[in-house]
1. Using the basic label-point model (7 angstrom from Cα toward the beta carbon), what is the A54 to S30 distance in nanometres?
2. Considering only protein heavy atoms, with the full assembly of protein chains and a 1.4 angstrom probe, order I142, I75 by accessible area, largest first.
3. Taking the full set of protein chains and a 1.4 angstrom probe, give the accessible area of V56 in square angstrom, rounded to the nearest 10.
4. Please report the antiparallel percentage of the DSSP beta bridges confined to the chain, to the nearest 5.
5. Give me the one-decimal nm value for the distance between modelled label points at T126 and V86, 7 Å along each residue's Cα-to-Cβ direction.
6. Would you please report the Å³ per residue occupied by the convex hull of the alpha carbon atoms in the range 40-94?
7. For an R0 of 45 angstrom, estimate the FRET efficiency from the Cβ-Cβ distance between L43 and R72 and round to the nearest 0.05.
8. Taking the Cα centre as origin and putting +1 on Lys and Arg beta-carbons and -1 on Asp and Glu beta-carbons, what dipole magnitude results for the chain, to the nearest 20 debye?
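The values are calculated or read from the model by the stated rules, or taken from the named source; none is laboratory data. All of these numbers come straight from a predicted model, not from anything done at the bench. Because the Cβ atoms are built from the backbone with ideal geometry, glycine has one as well, and the counts that use them run over all protein chains shown. Surface areas here come from the heavy atoms of the whole protein model, side chains and all, with no ligands, DNA or RNA. Shrake-Rupley method; radii C 1.70, N 1.55, O 1.52, S 1.80 Å.
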Amino acid sequence: MAELLEALTFRQRVLVETWSAELQAAQGWSGSLPVALLERCWLRLQRVPVEQLAAVLPPDASGEAPELVRYRAWIDAGQPAWSAQVRCWQEFGQPACQDALRRFWDHQDRGNHGWTLQTYLQFLETYRRQCEPGVTRALPLIVLARGGQREAHRLHWLAPLGQPMRHTCA
């Protein structure tokens, strides 16, 4: 973690400290809380309000399409795959099912850098819990994966100055 902060410019470190102070001063959970995004390729650090994070860094929800959720539910209930597929076609229509599957596999091929809907929702839950009384607040810093690479975005939680830092992977 120290090497990550050392890689930032002086101006970027000042920004991180400013955003961390803003987080510490917040009254509680709100959509305006800061999230830091670092684009390594361009050495660009930006502040995004948590309420706008999904628009700036859209989570991959292709696996959560209703057609695929229903298909998996029928498979989990013991239906043979062919029967589950026919039932999906009957309920949603064959083109809709095929489009949902195509979108899912397109996202798998392109890669979503591990930023799935489930990862995003877990991030929000962790951040929200930090805003409870008596909990130390850590600024989230998401280091974006390089384009065209199969690596994941990395999520770091930056503790206020003088406190230990922790790291989690997205």
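1. Calculated label separation equals 2.1 nm.
2. Per-residue accessible area, sorted high to low, gives I75, I142.
3. Rounded to the nearest 10, the figure is 70 Å².
4. 75 percent
5. With each label placed 7 Å out from Cα toward Cβ, I get 4.5 nm.
6. Convex hull volume per residue, Cα atoms: 147 Å³.
7. Given R0 = 45 Å and the Cβ-Cβ separation, E is 0.65.
8. 260 debye
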